[in-house]
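Have a look at the structure below before the remarks.
The values are calculated or read from the model by the stated rules, or taken from the named source; none is laboratory data. Computed from a prediction, not measured in an experiment: that's the story for all the values here. With ideal geometry, Cβ positions are generated from the backbone for all residues, glycine too; neighbour counts draw on all protein chains shown. Areas reflect the complete protein model, heavy atoms only, side chains present, ligands, DNA and RNA absent. Shrake-Rupley method; radii C 1.70, N 1.55, O 1.52, S 1.80 Å.
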Amino acid sequence: MEGRVGHGTRMAGYGAIDPSIRNEKITWPVIMSSIVAASCGLIFGYDLGISGGVTTMPPFLEKFFPSVFKKMADATQSTYCKYDSHSLTLFTSSLYLAGLVSSLLASRVTKVFGRKFAILLGGCTFLVGTVLNCAAVNVAMLILGRIMLGFGVGFTNQAAPVYIAEMAPPKYRGAFNTGFQLFIAIGVLCANIINFVAFGLGNWGWRLSLGLAAVPATFVLLGALLVTDTPSSLVERGKLPEARGALLKVRGANSDIETELSELVEACETAREVDKVSFKTIFEKQYRPHLVVAGGIPFFQQLTGINTIAFYALVLFNSVGFGSDSALKGAILLGLVNVGSIVVSMFMVDKFGRRALFIEGGIQMFICQIGLASILGATLGLSGNGEITKASGIVILLLMCLYAAGFGWSWGPLCFLVPTEVCPVKIRPIGQSVSIAVHFSVTFILTQTFLSQLCHFRYTIFLFYAGWIVIMTTFVVCLLPETKGVPLESMHTIWQQHWLWKKFTAQPTTVST
C-alpha cells in the first residue's frame with residue numbers, strides 16, 4: 001500500500017518523528033553538559049572585553065604602540081581620531097583572522113573526532129595563546145599569541161553551539177543554546193571588571209588582564225574532560241553502544257530512548273548513503289536555504305556594530321569625552337545590561353519564537369543608533385572638537401545600554417542558535433563552520449577598520465550601522481522561517497512551507513508498506 005507521509009511521521013530520507021513521543025525532560029546531565037559547552041563562550045567573551053580595555057592602558061600603548069600613546073597626549077588631535085592605528089587594530093583583529101581559518105578546519109575535526117574533541121583542542125590552543133600574550137615583549141609575540149587565541153576561539157565557537165543543540169530537548173533548545181551567548185556576556189563583564197582593577201596597577205596591569213584569560217580556558221578544558229560527546233556525533237562515527245549510553249544518561253535512566261536513537265541512526269545512515277560529504281555540499285541547490293540563513297545571520301549580526309562597540313567600548317567612551325574612570329564604569333554597566341538581557345532571552349526565545357525577538361531587537365537597536373548619531377552630531381560635530389555635557393553623556397550611556405539590551409535578547413544569542421538548528425545532520429558541522437567563518441570574516445574586517453571609520457565617518461558611523469539594521473530586519477521578515485520547538489530531524493518541514501525556500505528543498509517522498 002502506498003501513501004503520502006504527513007508531518008510528524010517518519011519519512012524516507014528524513015526520519016522525522018512525532019515530537020509528542022519525544023522525551024522532553026530536563027536532566028542534570030543535560031544541564032551540566034550544556035554548561036560545559038556554553039562555557040566556551042567565556043573565552044570568547046573574555047577576549048572581547050579584555051582586548052578593548054588593554055588597548056586603552058597607557059603602559060601597554062607606550063610599550064607596544066608609542067605612536068598612539070603620543071596622540072593621546074596631543075590636545076590638538078580630534079577626539080574621533082586619537083586611537084586610529086592599523087597596527088593597534090591588528091592586535092585585536094588578528095584573532096578573528098585566525099578564527100576564520102580554524103573554523104573552516106573545525107567542521108572536519110568535529111565530524112571525524114567529535115564535538116568534545118574540538119572543544120578540548122580549542123581550549124588547549126587558547127591557553128597557549130594566553131601564555132604568549134601575557135609574556136609578550138614585542139608586537140610580534142603579541143600577534144602570535146592572538147593568532148593562537150584565534151585558533152582556540154574558532155574551534156570552540158564551531159563545536160560548542162552544535163554540541164548544545166544536539167544535547168538539548170527540542171522544546172527547550174532555544175533556552176539552552178542561549179547559554180552560550182550568556183557566557184560570552186559574562187566573559188565580557190568579567191573582563192571589564194578586571195580591566196577596571198588592572199588599570200590602576202601600573203606597568204604590569206595589562207599583563208594581569210591578558211594572563212587571567214587562562215582561568216576560563218582551564219575551566220573549559222577540565223569541564224570537557226568530564227562530559228560525554230553528543231549522541232548524534234557518536235552515531236555519526238559508528239559508536240552505537242556509546243551513543244545509547246550517552247542518550248540514556250542525558251534523557252534519564254528510566255527513559256525510553258530507543259525511538260530517538262533509531263531516529264538518529266536513520267538520519268546518519270541516510271546521510272552516509274549520499275556521503276562522502278565535502279565542504280562544497282552545502283552549495284548544492286537543495287541546501288541553498290541553509291547556506292543563506294547560516295551565513296546571513298552572522299553576517300548581519302556583526303553589522304549591528306555590537307562587536308566593534310564591545311571591543312572598543314572604552315576607546316569609544318574616551319573618544320567622546322568620558323574620562324578613563326568613567327569609561328571603565330560605563331563598560332561595566334554595559335556588560336551588566338548585556339548579561340541581564342540574555343537571561344531575559346532564555347525565558348522568551350522558546351515562548352515567543354526566534355523571529356519575534358529578531359524583529360523587536362532590530363527595531364530597538366535602530367532607534368538607539370539614530371539617537372547616538374544625533375547626540376554626538378549635535379555636541380561634538382564633524383570636527384570632534386565640541387564638548388559633551390554631563391546630561392548628554394548620561395543620554396549616550398542610556399542609549400548604549402538600551403542598544404546592548406536589544407542585542408542581548410535578540411541577535412546576540414540567536415546568531416549562535418539558529419544556524420545550528422536549520423542544517424540537517426549531514427551538513428550540520430559544515431553549516432556551523434560557514435556560520436563561524438562568516439562571523440570571523442566580517443568581524444576581522446570591521447575591527448581592523450573601525451577606528452579608521454570612526455576617525456573618518458565621525459558620528460555618522462552610527463548611521464552606517466543603523467542602515468544595516470534595517471536591511472537585516474528585512475532579511476528576517478522575508479527569509480527566515482520560525483524554528484521554535486521543531487525537532488532537528490524534522491526541520492526540513494519549515495523550508496517546505498516557506499514561500500521562497502520550498503522551491504529549493506526536497507518534498508516529502510512516498511513510502512511503501
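Before moving on, here are some points about what is shown:
- Filter result (among the charged types (D, E, K, R) and within 23 Å of F60 (Cα to Cα)) within the stretch 187-231: R207
- Matching entry among V227, V188, V220 (being in contact with a Lys or Arg (Cβ under 9 Å, 6 or more places away or on another chain) and touching a residue at least 60 places away in the same chain (Cβ under 8 Å)): V227
- Pairs, first farther than 16 Å from V438 by Cβ and modelled with pLDDT under 90 in the stretch 280-293, second in a helix (DSSP H, G or I) and of a type in the set (A, V, I, L, M, F, W, C), C-beta under 7 Å, six or more apart: T281/I430
- Of the helices (runs of 4 or more DSSP H) that lie entirely inside the stretch 150-262, those containing 1 or more residues that are more than 21 Å from C423 (Cβ to Cβ) and either open to solvent by less than 20 Å² (accessible area, probe 1.4 Å) or touching a strand residue (DSSP E or B) at 6+ places or on another chain (Cβ under 6 Å) (or both) span 173-198, 205-211, 214-226, 240-251.
- The selection criterion, being surrounded by fewer than 18 Cβ atoms within 10 Å (Cβ to Cβ), among the polar types (S, T, N, Q), at pLDDT 90 or above and part of a helix (DSSP H, G or I), does not hold for T130.
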